[in-house]
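To start, the structure under review is shown below, and the notes come after it.
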Amino acid sequence: MTMSEQHQSDHQQGAASQSAYREGAHTAINDPVLQSALGGLQQRLGPATQGLYQQLPEGQELRSLAHGLRRKAVDNLDIMLETLADRVSENGGQVHFARTDQEAVAICLEIAREHQVRSVVKGKSMVTEEIGLNQALEGAGIEVAETDLGEYIIQLAGERPTHIVAPAIHKTRQQVGALFSEKLGTPYSEDPPTLTWDARKALREKFLSADMGISGCNLACAETGHITTVSNEGNIRMATTLPRVHVAFMGMERIVANLEEQQPILRLMSMGAAAQQIGGYVSYIGGPAAADHGDGPQAFHLIVVDNGRSKILADPEFREMLCCIRCGACLNVCPVYGKIGGHAYGSAYTGPVGAVVTPLLFGINNHADLCTGETLCGACRQACPLEINLPRMLLALRGKLSAGDPEWQVEPQRKMETRLFGLWQRLNRSRRLYEGFLRVARLGQKLLPARQGMIRWLPYPFSGWSRSRDVQPLAAKTFMQRWQEREQQQGEGRR
Ligand code: SF4
């Protein structure tokens, strides 16, 4: 089995064990360091992003406009990608279309072989996480160095990112100090500037000696054939200009028509990602270095990855998901992500965006817990710079899990839950049935163990609710009964 196949298999097996999500969540909830880091992140970034949206000179309409621009690109993806490929070729680069993760990895390995690549420096890229590129390169004997500071920390620790934009948010500076001391041989320090300097020194060597630079692509521009990358550390510029070969990966949907249309989206992306008006370094990369230009790579390759996106594109219910620009703003407000962090999601994509996109890319049954674990509170949609309706798609996924769907090869599951909700629906449609149910439940709850007026334990299938909390019992009288009694008393008082 190749490293990439192993990665794919991990995805399916890890996810197929439904308990992986629950176990991961349980571990995270009991990790005080992670809880404090997640709380700090959400308190800082969530409100700061909202504050910037409120101050947009163009008003909130800019977000709808940006959504429309992304949607237009997604709706015309075939033409956009064809134009992009023509322009990149005219600029001296090469475009490769990969249908699967394995194809994408194979193309990259072939480019590396052609150019006799022995070492690679990488800018942050979610799609390369998705396809398991690092494992495949390392399996081929190529040294890979992540150069985004957070990704570098995670790579040294042998872990997965926990946040789309802040991959090492779960690590304290003490942990990073110990890690650097062990792996880089530097004197122990927990001073962030010292640690950053240690990483910079180690990475500088790698930048200067690497044969190939690999980057992601925040947005490509069909009209000019540029890819645009945004970073705050300048590392992507080094990774894409110093080595002799640059390979950029993009999910096939990450494109807009022209540079003018990119501009509002990049601004909103920076607000969503890091509560900034614009990222520190915005780079437009249009191919290899020109003949009369000393700097830049000799070869530029763009690998456009499908890996399940065509299926999403073909389904009107989920096409909106392809508008996502992976800014991570939805993670910074999600109450579920704020408690369980990213590792429980078992995928490169975490939080509410991961709860939709991971099942769509890697199997809805395999990742059922992700979409059922979210609360549907709607905070993600409000935080999303493009107002992507994640709650609607979470519900649609749950619908497929309940009823099954041959198109998406979904087997119906959670049959008990489906039956219970069916029953609940019937009760709510008939007042007589509903009130009868309440009467029986009120009597039944007297048989359950109680403490200080609270129910301590519920029987299956409700037992999950009372595993870590006491449950409020049903009131002795319904609101309607109390209202009628009150009206009656007031009427009598007036007589
Ligand atoms: S769904 Fe919206 S907020 Fe979440 S990552 Fe995508 S663009 Fe950002």
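The values are calculated or read from the model by the stated rules, or taken from the named source; none is laboratory data. For clarity, every value in this text was computed on a predicted model and none was experimentally measured. Reconstructed Cβ throughout: ideal geometry from the backbone, glycine too, with neighbour counts over all protein chains shown.
Restricting segment 279-327 to residues that are within 16 Å of the ligand (Cβ to nearest atom) and β-branched (Val, Ile, Thr) leaves a set whose member that is farthest from the chain's Cα centre (by Cα) is ILE312.
Among all positions in segment 305-317, there is at least one residue which is closer than 24 Å to ALA383 by Cα and in contact (Cβ under 8 Å) with a residue 60 or more places away in the chain. When PHE421, PHE362 are screened for being away from the ligand (no atom under 15 Å from the Cβ) and surrounded by 20 or more Cβ atoms within 10 Å (Cβ to Cβ), only PHE362 passes.
If I filter segment 399-413 for residues that are within 15 Å of the ligand (Cβ to nearest atom), closer than 22 Å to GLU317 by Cβ, surrounded by 15 or more Cβ atoms within 10 Å (Cβ to Cβ) and within 22 Å of the chain's Cα centre (by Cα), do I get at least one hit?
no
Here the helices (runs of 4 or more DSSP H) wholly within segment 397-495 that include at least 2 residues being of a type in the set (S, T, N, Q) are 415-429, 479-494. Across segment 448-463, a minimum of one residue is classified as of a type in the set (Lys, Arg), modelled with pLDDT of 90 or more and under 30 Å from ARG22 (Cα atoms).
Can you name every residue in segment 328-355 that is under 9 Å from the mean Cα position of the chain (by Cα) and over 30 Å from ALA239 (Cβ atoms)? Answer for segment 328-355, where residues must be under 9 Å from the mean Cα position of the chain (by Cα) and over 30 Å from ALA239 (Cβ atoms): just ALA355. Given the criteria buried (at least 22 other Cβ atoms within 10 Å of the Cβ) and either under 25 Å from ALA104 (Cα atoms) or touching an Asp or Glu at 6+ places or on another chain (Cβ under 6 Å) (or both), does GLY286 qualify? The answer is no for GLY286. Look at segment 339-367: where a residue is more than 19 Å from CYS323 (Cα to Cα) and part of a helix (DSSP H, G or I) and a partner is within 16 Å of the ligand (Cβ to nearest atom) and hydroxyl-bearing (Ser, Thr, Tyr), sitting 6+ places away or on another chain with Cβ atoms under 7 Å, you get HIS343/THR162; TYR345/THR358. Considering SER36, SER4, the condition of being at pLDDT below 90 and of a type in the set (S, T, N, Q) is satisfied by SER4 alone. Number of residues in segment 375-384 that are within 18 Å of ALA348 (Cβ to Cβ) and in a loop (DSSP other than H, G, I, E, B): the value is 0.
Of the listed requirements (1) more than 12 Å from the ligand (Cβ to nearest atom); (2) in contact with a Ser or Thr (Cβ under 7 Å, 6 or more places away or on another chain), TYR337 misses just one: (1). If the condition is being assigned to a helix (DSSP H, G or I) and in contact with a Lys or Arg (Cβ under 7 Å, 6 or more places away or on another chain), then segment 91-127 contributes only MET126. Evaluating ALA368 against the criteria (1) closer than 25 Å to THR418 by Cβ; (2) hydrophobic (A, V, I, L, M, F, W, C); (3) within 14 Å of the ligand (Cβ to nearest atom) leaves one unmet condition, (3). Checked across segment 373-381, the condition of being more than 16 Å from the ligand (Cβ to nearest atom), free of Cβ contacts under 8 Å to residues at least 40 places away in the same chain, among the hydrophobic types (A, V, I, L, M, F, W, C) and out of contact with any strand residue (DSSP E or B) (no Cβ under 7 Å at 6 or more places or on another chain) holds for no residue.
Evaluate segment 249-266: report whether one residue or more is at pLDDT below 95 and among the small types (Gly, Ala, Ser). No: zero hits. Taking the listed residues ARG244, ARG319, ARG254, the one that is basic (Lys, Arg) and surrounded by 21 or more Cβ atoms within 10 Å (Cβ to Cβ) is ARG254, with no other qualifying.
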